[in-house]
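K.L.:
After the structure tokens below, expect a handful of questions from me.
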Amino acid sequence: MEDVLAVYARPYDPARPVVCMDEKPYQLLGHVRAPIPAGPGHDLMIDSEYVRCGTCSIFCWVEPLAGWRRVDAQPHRTKIDWAGQVRRLLNADYPGVQTVVLVMDNLNTHGIGSLYEAFEPAEAFALAQRLEIHHTPRHGSWLNIAEIELSALTRQCLDRRINDLDELNTELTAWQHATNTAQRQVDWHLTTDDARIKLRHLYPNT
């Protein structure tokens with residue numbers, strides 16, 4: 001925990017951006033019967049019955065101090081998918097940055113080994129050399145700012161049924177553009193000193 005808190009306490013450095021990532025499964029759902037639009041005297045009416053249209057995974061990348069986010073949905077979240085997302089992060093989102101400080105959870109796909117499964121060794125090594133990885137502890141996913149952003153995304157963008165991956169990505173892109181335009185930064189308040197007081201029950205007794 002203190003390792004991640006120390007990372008969040010670093011001053012903003014565009015040469016070593018701190019980026020948080022997380023992902024969540026999402027179920028694509030369709031309507032059995034078309035909703036009845038709202039009108040005089042009644043609200044929008046949606047039938048409780050729905051059609052399952054498959055699942056996908058939403059990847060979320062956040063640079064808290066810059067107010068930048070990237071979200072997109074993929075059919076799967078395998079090691080290959082994660083590695084592709086990392087390559088995009090380093091080569092497209094931060095092409096001129098030598099090191100990206102990456103905060104994420106300990107999911108088995110979130111590791112350097114995934115890069116070697118996806119790419120030739122030389123490319124995997126080159127990508128790995130540009131990452132400084134910090135994992136949140138078990139049962140400590142609340143420390144991941146990207147998880148907080150996914151919660152906001154769910155409330156603001158995913159509050160209705162979406163049955164198609166392309167439509168979902170269109171909605172995600174619109175949310176991403178609006179949020180990035182506003183440059184809403186994340187002001188993280190919990191410090192290591194605070195944690196040692198408020199969360200002292202998590203520390204071993206000596």
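The values are calculated or read from the model by the stated rules, or taken from the named source; none is laboratory data. Values in this document were obtained by computation on a predicted structure and should not be read as measured data. Surface areas here come from the heavy atoms of the whole protein model, side chains and all, with no ligands, DNA or RNA. Shrake-Rupley method; radii C 1.70, N 1.55, O 1.52, S 1.80 Å.
K.L.:
Could you work out the relative contact order of region 1-120, using alpha carbon pairs under 8 angstrom and six or more residues apart, expressed as a whole percent? Present the calculation step by step, with values, prior to reporting the outcome.
P.N.:
Values: 159 pairs, mean separation 35.0, N = 120.
Computed over region 1-120, the figure is 29 percent.
K.L.:
Compute the accessible area per residue over the chain, keeping the other protein chains in place, probe 1.4 Å, unit Å².
P.N.:
In whole numbers, the chain has 56 Å² accessible per residue.
K.L.:
A further question on this structure: For region 43-141, count all C-alpha to C-alpha pairs, find those more than 23 Å apart, and express that count as a whole percent of the total.
P.N.:
34 percent
K.L.:
At 4 °C and 1.567 mPa s, what whole-number value in µm²/s does Stokes-Einstein give for the translational diffusion of region 28-91, with Rh from the Kirkwood sum over Cα pairs?
P.N.:
85 µm²/s
K.L.:
From largest accessible area down, sort 97, 4; use a 1.4 Å probe on the protein chains.
P.N.:
I get 97, 4, largest accessible area first.
K.L.:
Can you show me the helix-derived [θ] at 222 nm for the chain, built from DSSP H runs with n ≥ 4 at -39,500 (n - 2.57) apiece and divided by the number of residues, rounded to the nearest 500. Walk me through the numbers before you get to the answer.
P.N.:
Working: 7 runs with 70 residues, N = 206.
Rounded to the nearest 500, it is -10000 deg cm²/dmol.
K.L.:
Still on this model: Considering only protein heavy atoms and a probe of 1.4 Å, how much of the accessible area of the chain is carbon and sulfur, as a whole percent?
P.N.:
Of the solvent-accessible surface of the chain, carbon and sulfur hold 53 percent.
K.L.:
What does the C-alpha gyration tensor say about the overall shape of the chain? Classify as rounded when a/c is under 1.5, otherwise prolate if a/b is larger than b/c, or oblate.
P.N.:
Prolate.
K.L.:
Work out the P(r) tail for region 132-186: percent of alpha carbon pairs separated by more than 15 Å, whole number.
P.N.:
Every Cα pair in region 132-186 considered, those over 15 Å come to 59 percent.
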